[in-house]
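A quick write-up on the structure given underneath.
No value in this document is a laboratory result; all are computed from the given coordinates. From a predicted model like this one, the values you see are computed outputs, not experimental measurements. Here the Cβ positions follow ideal geometry from the backbone for every residue, glycine too, while neighbour counts run over all protein chains shown.
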Amino acid sequence: MPSHTLIPFPPELLAAKKQIREQARSYGLDFYETIFEMCDYEQMNQIAAYGGFPQRYPHWRWGMEYERLRKQHFYGLGRIYEMVINNDPCYAYLQESNPLVDQKLVIAHVYAHCDFFKNNLWFSQTNRKMMDEMANHSTRVRKHIEKHGYDTVERWLDVCISLEDQIDPYSVFMKRQPTRHDPPDRSSEPENSRFQAKDYMDRWINPPDAIEAETKKRREQAERSRKAFPVRPTRDVLLFLLENARLEDWQADCLSIIREEAYYYAPQGMTKVMNEGWATYWHSKLMTTHFLESAEVIDYADHHSGTVHMPPGGFNPYKIGVELFRDIEDRWNKGRFGADYELADRLGEKQKWDKGLGLGREKIFEVRRLYNDVMFIDEFMTDEFIEKNRYYHYGRDPHTGQLRIVSRDPKRIRQSLLYRLTNLGRPFIYVVDGNYNNRGELYLAHQHNGLDIEIKYAIETLKNLWKIWQRPCHLQARIDDEMMLFSFDGNQAKQQTIRDDTPKPAHEIV
């Protein structure tokens, strides 16, 4: 793999890099040392196939990704302009065949990404030495291959990778599970639901038989809760498997590697719109204000417009992110926020509103520091913003297959984006019983929040889950308003409608 000394920086580009770095810092951007490496397109594809890291554990998917990138470049379907790694120091790669204007744009873009990595709250718990950790993962997997054989380890990695998104991205910021040292939870202790009543009416308002039956039911529920395994629904499925599945040491090590890397990448999925919007905002600011030569304007405009182009029905995080940051800056500069602004109802009053506060730059730095994409869209994608940018909700005509506008309702448009971004656009899956039917079976439940599961993928994932748990595995999911239970016992997959007489898991998810 290439290093930053393999292809030297041209003197002109080296000088531009230093100038861009200092100008970025003058605007308040704060980033770790950033090491740029110059690569040819072949080396760029190799690194990109590894997710930006020089070394990864052996697996066929890296070769598949490399072949895809190589063909994409060969047939002129796309080119990698920038690649930057969240690390301390940060690493970034430039393709030597790109013209100078593109290199300057990418350098400005990279410094903004590095600022975001360092300062955004959702990256604060990531491993800042992941470049070294990825190399360690590679070494550990290679040792397992030497001992157990390539095919055996690769098949096991396939199983682990199929579950790599079954983590709890928020768990690094809070304590989810109780430990054996925690005091017992008294919240589920049985209490009678007695209604207030006059003494002479009490036996009718609170019948003794009903109170006794309720008390018995609550005690039974409390007893089940005390014996429940896990103690409460668990979203980090991989951690549950690591702690409770009967795995050989090498299998547990491979699963832990997949889980650790999933947590490293999770904040990038949680902040894609913000991160790309922030980087696009700053490369645009730096280039148009300081580093764009007159002879480069057309090429820059062409490439920048390609970056932010969003066709009807498309989703471009660069476009949505940069427009939101610009809108926030403009609103806080003019004071277009708060109760007074929201209550303004005179004709044209909001359009003319300008308090001259000049708080825009301060506000976007605050947003960059605290928010993730869901919070960003939910709070700042206002109805006015949606209407101004002409965002619509599209769907395909069932007769022609063509895209058409199905809604102009800002609430629906915003909600569709939030569905796409919440939990990285994946269903919420919880472990709700690790001893289902008192037979050691594993029971997962899908919490439906508007995002359906794909049945064919669910069945295949259950098969892989069985390879880890080694006992029957079940998944509860809502399909077309019916609660279904999908199961795999090691030989056969089946599905059934959940009815009143279907055995209940330790916890219920609705």
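Beyond 32 Å in Cα-Cα separation lie the following of the pairs 18/352; 175/504; 456/504: 18/352.
Peptides 139-152, 458-471 ranked from most to least packed, by the mean per-residue count of other Cβ atoms within 10 Å: 458-471, 139-152.
Holding the Cα-Cα limit at 19 Å, pick out from 227/494; 467/494; 17/71; 319/350; 388/411; 285/363 the pairs that are longer than that.
Working: 227/494 28 Å; 467/494 17 Å; 17/71 31 Å; 319/350 25 Å; 388/411 14 Å; 285/363 17 Å.
Over 19 Å Cα-Cα: 227/494; 17/71; 319/350.
Looking at the stretch 311-422, the pairs of alpha carbons with a distance over 22 Å make up 40% of the total.
The label point for residue 214 and the one for residue 411, both projected 7 Å from the Cα toward the Cβ, are 3.5 nm apart. Label-to-label distance, residue 72 versus residue 343, with points set 7 angstrom from Cα along the beta-carbon direction: 5.2 nm.
Put a dot 7 Å past the Cα of residue 124, heading toward its Cβ, do the same for residue 205, and the two dots end up 4.9 nm apart. Here the sum of -39500 (n - 2.57) over DSSP H runs of 4 or more residues, divided by the residues of the chain, equals -15500 deg cm²/dmol at 222 nm, to the nearest 500. Restricting the stretch 339-371 to chymotrypsin sites (Phe, Trp or Tyr not before Pro) that sit in a DSSP loop and have at most 13 other Cβ atoms within 10 Å of their own Cβ leaves nothing. Taking the Cα centroid of the stretch 441-455 and of the stretch 355-392, what is the distance between the two, rounded to the nearest whole Å? That distance is 32 Å.
About the centre of its Cα atoms, the chain shows a dipole size close to 560 debye [charges on the beta carbon of Lys, Arg (+1) and Asp, Glu (-1) only; nearest 20 debye]. Residues of the stretch 108-136 with an amide N closer than 19 Å to a point placed 7 Å from the Cα of residue 62 along the Cα-to-Cβ direction: 129-136.
Sorting 407, 26, 416, 294 on the 10 Å Cβ count, fewest up front, what's the list?
Fewest-to-most Cβ neighbours within 10 Å comes out as 294, 26, 407, 416.
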